[in-house]
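Take a look at the structure below.
Nothing in this text is a laboratory measurement; each read-out follows from the coordinates by a stated rule. Everything numeric here is computed off the predicted structure, so don't read it as measured data. Every residue, glycine as well, gets a Cβ built from its backbone with ideal geometry; the counts of neighbours run over all protein chains shown.
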Amino acid sequence: MTKKRDRRITAIILAAGQGTRMKSSHPKVLHTILGRPMIAYLVDTLKNLGIDDILVVVGYQAEKVMAALRGDGLRFVVQEPQLGTGHAVQVAMTAVPVDVETVMVLCGDVPLIAGDSVECLYRLHQEKGAAVTVQTVELVDGAHYGRVVRDEQGRVLEVVQAKDAKDRPEVLAIKEINTGAYCFAAAFLRAALRELTPSPVTQEIYLTDLISLARRQGQGVEALRDADWPNLLGINSRAELAAATQILKRRLNAQHMAAGVTLVDPETTYIGPLVTIGRDTVIYPNTYLEGHTSVGEGCLIGPNVWISDSVLGDQVVVKMGCVITESRLAEGAQAGPYSHLRPLSDLREGAKVGNFVEVKKSTLHPGVKANHLTYLGDAVIGPGVNVGAGTITCNYDGVKKYQTTIEAGAFIGSNTALVAPVTVGEKAYVGAGSTITEDVPPGKLAIARGRQVIKEIKKRG
Amino acid sequence: MTKKRDRRITAIILAAGQGTRMKSSHPKVLHTILGRPMIAYLVDTLKNLGIDDILVVVGYQAEKVMAALRGDGLRFVVQEPQLGTGHAVQVAMTAVPVDVETVMVLCGDVPLIAGDSVECLYRLHQEKGAAVTVQTVELVDGAHYGRVVRDEQGRVLEVVQAKDAKDRPEVLAIKEINTGAYCFAAAFLRAALRELTPSPVTQEIYLTDLISLARRQGQGVEALRDADWPNLLGINSRAELAAATQILKRRLNAQHMAAGVTLVDPETTYIGPLVTIGRDTVIYPNTYLEGHTSVGEGCLIGPNVWISDSVLGDQVVVKMGCVITESRLAEGAQAGPYSHLRPLSDLREGAKVGNFVEVKKSTLHPGVKANHLTYLGDAVIGPGVNVGAGTITCNYDGVKKYQTTIEAGAFIGSNTALVAPVTVGEKAYVGAGSTITEDVPPGKLAIARGRQVIKEIKKRG
Amino acid sequence: MTKKRDRRITAIILAAGQGTRMKSSHPKVLHTILGRPMIAYLVDTLKNLGIDDILVVVGYQAEKVMAALRGDGLRFVVQEPQLGTGHAVQVAMTAVPVDVETVMVLCGDVPLIAGDSVECLYRLHQEKGAAVTVQTVELVDGAHYGRVVRDEQGRVLEVVQAKDAKDRPEVLAIKEINTGAYCFAAAFLRAALRELTPSPVTQEIYLTDLISLARRQGQGVEALRDADWPNLLGINSRAELAAATQILKRRLNAQHMAAGVTLVDPETTYIGPLVTIGRDTVIYPNTYLEGHTSVGEGCLIGPNVWISDSVLGDQVVVKMGCVITESRLAEGAQAGPYSHLRPLSDLREGAKVGNFVEVKKSTLHPGVKANHLTYLGDAVIGPGVNVGAGTITCNYDGVKKYQTTIEAGAFIGSNTALVAPVTVGEKAYVGAGSTITEDVPPGKLAIARGRQVIKEIKKRG
């Protein structure tokens, strides 16, 4: 494989199951880890190996699974009803191109599997020219997993489901179990799938029956005992989902630290798999970087910050408690503590928003300051503008949204409402406490507030 | 026991001590774990076993302990001064009903003890018809605990306090120690307590002396070596309190995950023992659910959220940083990021409060939106009302609080002050920047702000 | 040493390196742990032992290192270029006073070293009258560390750098390695440094060559195998920095818990080394106390609070999400949730600031309340003043900052702007929604807002 596209491999990902032990009304493979569905991790791993033809077998809530993965260049087949893993591959096989030589079968609920594990399985399969190669691991307790039965020479004879082995204690005692990852010679697979029959115990059609079938046919059966067992088992419960999250978190965090990022507490730093971070950036605890987020060099982020699908330049400071979504912060921009940048916030070089400030779909040009208790929505704010405390753009009249424009060098006094659509001209000055409903000409002072009067205090209460 | 009330058992909880190693001016048993006093965990465990007659021996800051537990159906006796565990039971015995057959004695600082441990102790006691049955554990180092001395046949001879065994190295070497949990035959206990005399070393009256006394009298003494030792030892320091919090946190979180709740990071999710959560709810890290809180199905909560004594329906979204106390959020309601719902906030179906919004003692009917920088206190807000950014209900005049009413479908412009008592009528419209001091008739527009004027800018500075 | 000043010791701290594996553009020793540069921990440890003459060898970004440590009473020498540890000490030796008897050499990237380890090294050195005493530890894998080669009698012969031992497998197999901490007899050191020559492999001058030199000269060489190995190795990567942070965090937190502070989750509580906390204070998770911060007794702090360089009296409550910098909160003061106290905020007894309130360079006298959505900058607020929701001090006119004064007992209505410089007199009353531009006399009512008018609603949209 080695990162090159190989048209002769198709990978089938089994993702039709419900995952009963999750106790969920969502498909198991869509449960997320660090903001990404667990199945996406497997897809990424396969693509990184150069496997481009990926066929996902969906069934339970098929529409939801397909919708979540749309745009990733995957192909889907629907298995309905779900009659077992063998049945799933029977269904999928109809969509495997005729010129494919090798079919991999993998489980959609094994997000932690390393590319190396997949590659080793494939290599052994190729070297041995096997009909089927199965990945196995040794556990202290085989639990509910399928047992790998070998003969005295160590050759794999069959894989027996735990449920079907209730009267075979010597089988249940076996510690080598099937992980559910396989390589098949496509020709063998195509023919052999037709031979499968349901288990008398569970009525399911088992893919594992192909192993004894190949053996009976005298075809090559290989098994690769992979030592990386914690990463090869499926996620079957919320506890296992949480454990997988911990493992992936540590794996990704170790990579960022090795690349020169300081994570003050890697145990409480949650960085998604698509995030990039420049060196000498310091990330304080309890911070979340998700989706397609990129962070420059020398930034300070956190604690308690959530950033998703955003781009931060170098030397950006995001202080405690900020929430940033689909936004951009250019070099030297600052936010927080407690700034909320909603989608399409665009802070240019050195722009600064402070505490309890919300920005939405607005551009803050270089040097803009909006430091306190402010809402900027649908606004374009020119270079060097000072937005006073308590400024609010009234961008909504109950029906439509309107734009506020503040031109370069203007000064907006505190506690001001700007009723959009409205423009405050260059270097204009708005007096504190004003409600601005009409455009302010450049260089002028606008005031819109009541005159102060002094009275006697009436007896209260 | 098996969850049935048994009038012939009284449980005595020893809770009179100060807990010197806590270095605290609060009674030890009131130090909290996940928002609940440690003694309450033991009380819950006993009640779940069907033990209803629970007698708490208080002493150090007796009033505070009684106040904290009032309403739980417990009985109290005051031990003053505190002359040891034997003395505590002497005092308590005066309040044990005459028809009681079995008296359990337990320590108020052992919150982790499992119901099974208590049940096993009781069962052994009953089966053997013993005068006294003591719970023991084996430690690598007996430390300051009382040593269980057995004869060659393994029969318990006596329990010796570490302090009293300084010249008995063979006793100090014993690894089996007394946890401080006992069952007594009430008749034996009543008579034997009169025989106790203070230790010549510490001047304390030890309850453990009853063991050697029973032995001397030829009465049955049993000891149950319980394997669950980490959960049977008292909490004596802040470090042990923190460790117990970790154990209980993990125990409770495992239960929620098994029931279908996603905890993104169970290590930083703090859920109290009385909280219920529906399946498919996702809880992000660093979230606290305390007191009598119930959360519906399919909710999204966190990160960094604190919810206490509140009720959330299904599909509720509570985004980052919310604080919610004694409030209700009906199905589909949304809060956050950074909403503060103070007591008696009532968000009906689909109501939504956003960033930097505080609500207190207010009802937001279905579909209300209050998305930005707003304070709603003592308000009733009708269905579908849009509350603009920076709206403030002026509910306090320095003396009293007054109510604000906003009727269905009204629109409150941004940066508006509503001076209560005041009513904005159905479908009325309040202009941005207004200070509303008088009722607004239904369907009308109210404006209360200064007219905008444009002037030359005076030279500043 | 024993805490007494001993003029005859100079400690040389090696801090000239870049720390390539950190992948940083900052000097390694300035990377921080719990808010303090790692080198400062070593400096503190030495000072606590009474070693006052501390010479820091700087090189890479020397100015930055010196600037960070200025004011700590240290002396600096610049090593430029950096030709190895032997060269560093050659440079430093020019600044060691002639009457010094013992020169210690320590690494600036070993923040965890305990005072005991330093003391033991020094004592052995003194007792043996050695020319050089080196600190060593045993590792499972010697990795890149210098190996300690001993003869059959166990006497140290030499320390060989891993890089120089590539063709000496028997040396690489040695598990005892050099930590980089030494004591030298000053006279020996001064003479021997002149003999050092660069390594033919790396061209660096090794300080460790002094060991074989001393041996050849027949002078005393001692080695102290210290068991505390995790705390004696240098920090070479971000992962090791994170691990050291964990260790120090736990060490400091254990001390606070032992002294009677409740840490609800010590794993996510980050307390700097200079912080003091009174007993019965409870600190919720994800809280940061940094710099010169002192907290009184019986306080409640957190969760998610950041406090740096501030002083809190007894019974202070700092609720969720507060950020407090260089401020004071007197007994019984309260902040939060989500208060931001910027430098020079001074909350006197019982003063209270609430949610989404920012304070900067302001004094809030006893009993002041500013509970909601408020900005107080450059203000002096008298006893008992009630500051309504949405109050903003307009302290900045685009050029200068001005002061707001509110005298005792005044009442500021909600949504008010106070345009500084301005004074609201004692017991005066400001109506809601006012913009106050002129002083309000004591006892009077000031209103500055538009009159309310009712109109028909124009068709919108």
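Count Lys and Arg as plus one, Asp and Glu as minus one, and take only other residues whose Cβ is under 11 Å from that of C:His26; the net charge is then +3. Between C:Val453 and B:Lys64, the modelled label-to-label distance comes to 6.3 nm, taking each label 7 Å out from Cα in the direction of the beta carbon. Principal-axis analysis of the Cα atoms of chain B puts helix B:115-128 at an angle of about 20° to the longest axis. Rank A:Val96, B:Leu347, A:Thr197 by how far each Cα sits towards the positive end of the charge dipole of the protein assembly as shown (+1 on Lys, Arg Cβ; -1 on Asp, Glu Cβ) and give me just the farthest. The residue sitting most towards the positive pole is B:Leu347. Applying 1/(1 + (r/R0)^6) with R0 = 30 Å to the Cβ-Cβ distance of C:Lys175 and B:Arg250 gives a FRET efficiency near 0.20. To check you understand DSSP bridge types, tell me what percent of the beta bridges within region C:361-461 (both residues inside) are antiparallel, rounded to 5. Among the beta bridges of region C:361-461, antiparallel pairing accounts for roughly 5 percent. Relative to the longest principal axis of the Cα atoms of chain B, the long axis of helix B:238-258 lies at roughly 70 degrees. Shielding of peptide B:376-389 by partners, expressed as the average count of other chain Cβ atoms within 10 Å per residue Cβ, is 2. Rounded to the nearest 0.05, what FRET efficiency do A:Glu349 and A:Glu138 have when you use their Cβ-Cβ distance and R0 = 60 Å? For R0 = 60 Å, the calculated efficiency reads 0.60. Annotation for C:Arg75, label-to-label distances across the other copies: 7.8, 7.8 nm (shortest first, one decimal, point 7 Å from Cα along Cα→Cβ). Placing +1 on each Lys and Arg Cβ and -1 on each Asp and Glu Cβ, with no other charges, gives the protein assembly as shown a dipole about its Cα centre of roughly 3920 debye. Using a/c under 1.5 as the rounded threshold, could you call region B:9-231 rounded, prolate or oblate? The axes a ≥ b ≥ c are square roots of the C-alpha gyration tensor eigenvalues, and prolate needs a/b larger than b/c, oblate otherwise. Rounded shape, in that the Cα axes give a/c under 1.5. When shorter helices are ignored and each DSSP H run of at least 4 residues is given -39500 (n - 2.57), the per-residue value for chain B at 222 nm works out to -5500 deg cm²/dmol. Rounded to the nearest 20, the Cβ-based charge dipole of region B:9-231 about its Cα centre (Lys and Arg +1, Asp and Glu -1) stands at 440 debye. Comment: the Cα-to-Cβ extended label point of B:Ala259, at 7 Å, lies 4.1, 4.1 nm from its counterparts in the other copies, nearest first. For chain A, a crude dipole built from +1 on the beta carbon of Lys and Arg and -1 on the beta carbon of Asp and Glu, taken about the Cα centre, is about 1540 debye to the nearest 20. Between A:Asn236 and A:Asp314, the modelled labels are 5.2 nm apart [label points 7 Å from Cα along Cα→Cβ]. Counting only other chain Cβ atoms within 10 Å of each residue's Cβ, the peptide A:424-435 averages 6. Taking a point 7 Å out from the Cα of A:Ala114 in the direction of its Cβ, the residues of region A:247-282 whose backbone N falls within less than 19 Å of it are A:247-259, A:273.
What net charge is computed for the residues neighbouring B:Pro285, neighbours being all others with C-beta under 9 Å from the C-beta of B:Pro285, Lys and Arg scored +1, Asp and Glu -1?
Numbers: positive: none; negative: B:Asp265, B:Glu267.
Here the charged neighbours net out to -2.
In this structure, C:Arg75 and A:Trp229 have a Cβ-Cβ separation that, at R0 = 56 Å, corresponds to a calculated FRET efficiency of about 0.50.
To the nearest ten degrees, helix A:38-48 and the longest principal axis of the Cα atoms of chain A are 80 degrees apart.
Classification of region B:246-382 by its C-alpha gyration tensor yields a prolate form. The axis ratio a/c (a ≥ b ≥ c) is 1.5 or more, and a/b outweighs b/c.
Per-residue Cβ counts within 10 Å, from other chains only, averaged over C:269-281: what number is that?
1
In this assembly of identical copies, the label point of C:Val399 (Cα plus 7 Å along Cα-to-Cβ) is separated from its counterparts by 4.5, 4.5 nm, sorted shortest first.
Find out how many positive minus negative residues lie around A:Ser310, taking Lys and Arg as positive, Asp and Glu as negative, among other residues whose Cβ is under 13 Å from that of A:Ser310. Show your work: numbers first, answer last.
Details: positive: A:Arg328, A:Arg342; negative: A:Glu290, A:Asp309, A:Glu326, A:Asp346.
Net charge around A:Ser310: -2.
Answer rounded, prolate or oblate for the protein assembly as shown, using the Cα gyration tensor with square roots of eigenvalues a ≥ b ≥ c: rounded when a/c is under 1.5, else prolate when a/b is larger than b/c, else oblate.
Verdict is rounded for the protein assembly as shown.
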